[in-house]
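What follows is one structure encoded as structure tokens, with my remarks underneath.
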Amino acid sequence: MVTGLGVISALGHDAETFAAALFAGRGGIGPITRIPTDDLGVRVAAEVRGFDASAHFTKNHVGLLDRFAQFAMVAARQAIAQSAPPFAQGLGARTATLIGTGVGGLGTQDDNFHKIYAENAKRLHPFIIPRAMASAAASHISMEFGLTGPAYAISSACASATHAIGEAFHMVRWKRVEAAVAGGSEAPITYGSMKAWEAMRVMSPDICQPFSRDRGGLVLGEGAGVFVLETLEHAARRGAPILAEIAGFGMGADALDIVQPSADGAAQAMRAALDDAGLAADQVDYINAHGTGTASNDATETAAIRAVFGNAAERLAVSSTKGAHGHALGAAGGLELAATILAIGRGFLPPTINYTIPDPACDLDYVPNQARAARIDVALTNSFAFGGLNAVLAVRRVA
């Protein structure tokens, strides 16, 4: 069961502001403010604007934390505050901490490489490695809350958060732990990262338009989505809020190409999630799609959905929320699970914003531009990463 949800993104610094923007169809993409953009070809991103680290951490503590770890900790604090698990009463030893990230402390690396190569620095701060390491977020969360169960990072590009949450779900289900704090965090908006993504020629210069025929590519985002998971018995025993049930988790690998997606691989992961949950395809009401806004991903994902759902695809609602919060890479699955859980709880389908022109290769109901009232009993959330690393969660309403 999901008993706590924390989120920080370009749509807001907590779940309420995130939900308000999401269901109003407001986007968080805009001009980049954190780095110089004069030499960039792409000058937009979905930044977490107005984030003041000093409001959340002491001066000494913030010096140990890359921006991605700061986001993870803020989201984890929100989720834990909502769930209020009794970690201090012995639960901490039976709680796992799994945080996904695609690139980890990229800002720390970028800043210090500049000092070495551009400023000819001879010495660096002694804590560069602890700040930059991908496991930093999991480590700091475990230390803050005294979580002494299994703790580690998962890095599988854009599927990182979904892999982390899915693995945590299985650990709880199989009683390897009693609870878990799991999710994903990313802060990839640096000068070096933007230049590298520009070189791939998959970035939009202005907006992200998933599934629309005139889509121009992805827009980078940042943020974190973190959750508290626990067994139904444990949650019920202590009267915890139950936001939704993670019912199944599926994953697999395309084993074909480092960047081109495969409909077969995506379909395999969706089928695996349904099988794991004991669900039939016609029981699914909504899919939060990977939906990056690139030409290849959106058409491939549509084909995969049709392969899995057959005639039932005609009644499915499918939307991508990346047009609103950007593509947060290793954090994307965390933001999108948050969107899915909020959709189930509030009875609204989040829209695919910036949708303009139907694409014959993308012929499903993408909930264009405006949220729609709907009862959602079962949903999937898809994450399909470079390298063909696929992960899908099945989420169910709890009556």
Out of the residues in the range 185-196 that are touching a strand residue (DSSP E or B) at 6+ places or on another chain (Cβ under 9 Å) and within 16 Å of Asp38 (Cα to Cα), which is surrounded by the most Cβ atoms within 10 Å (Cβ to Cβ)? Ile189
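Quick grid of which residues meet (1) under 18 Å from the mean Cα position of the chain (by Cα); (2) aromatic (Phe, Trp, Tyr); (3) under 29 Å from Phe68 (Cβ atoms):
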| position | (1), (2), (3) |
| --- | --- |
| Thr292 | yes, no, yes |
| Ala304 | no, no, no |
| Asn311 | no, no, no |
| Leu316 | no, no, no |
| Ser319 | yes, no, yes |
| Ile344 | yes, no, yes |
| Phe348 | no, yes, no |
| Thr352 | yes, no, yes |
For the range 252-263, which residues satisfy the criterion of being surrounded by 18 or more Cβ atoms within 10 Å (Cβ to Cβ) and either in a helix (DSSP H, G or I) or not hydroxyl-bearing (Ser, Thr, Tyr) (or both)? Gly252, Asp254, Pro261, Ala263
Among residues of the range 46-82, those that are farther than 27 Å from Gly326 by Cβ and assigned to a helix (DSSP H, G or I), counted: 3
(1) in contact with a Gly (Cβ under 7 Å, 6 or more places away or on another chain); (2) of a type outside the set (Asp, Glu); (3) in the same structural domain as Ala361 (by TED's automatic domain parsing); (4) crowded, with 24+ Cβ neighbours inside 10 Å: which one isn't true of His290, the others all being true? (1)
Quick one: is Ala331 outside any strand (DSSP E or B), outside the structural domain of Glu186 (by TED's automatic domain parsing), crowded, with 24+ Cβ neighbours inside 10 Å and more than 14 Å from the chain's Cα centre (by Cα)? no
Mind checking which pairs have a first residue in the range 42-60 that is more than 13 Å from Gln70 (Cα to Cα) and a second that is in a helix (DSSP H, G or I) and not basic (Lys, Arg), Cβ under 7 Å, 6 or more apart or different chains? Val42/Met194; Val42/Glu198; Ala46/His325
Reported set for the range 156-184 where residues are out of contact with any strand residue (DSSP E or B) (no Cβ under 7 Å at 6 or more places or on another chain) and either under 19 Å from Ala394 (Cα atoms) or among the small types (Gly, Ala, Ser) (or both) is Arg173, Trp174
Test: Ala307 is crowded, with 18+ Cβ neighbours inside 10 Å and either assigned to a helix (DSSP H, G or I) or at positive phi (or both): no
Tell me, please, whether a residue that is under 20 Å from the mean Cα position of the chain (by Cα), crowded, with 18+ Cβ neighbours inside 10 Å and within 23 Å of Ala132 (Cβ to Cβ) can be found in the range 28-44. no
Tell me yes or no: at least one residue of the range 344-357 is part of a helix (DSSP H, G or I), assigned by TED's automatic domain parsing to the domain that holds Gln260, of a type in the set (A, V, I, L, M, F, W, C) and surrounded by 17 or more Cβ atoms within 10 Å (Cβ to Cβ). yes
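The values are calculated or read from the model by the stated rules, or taken from the named source; none is laboratory data. Just so it is clear, the model here is predicted, and its values are computed rather than measured. Methodologically, a virtual Cβ is constructed for each residue, glycine included, from the backbone with ideal geometry; neighbour enumeration extends over all protein chains shown.
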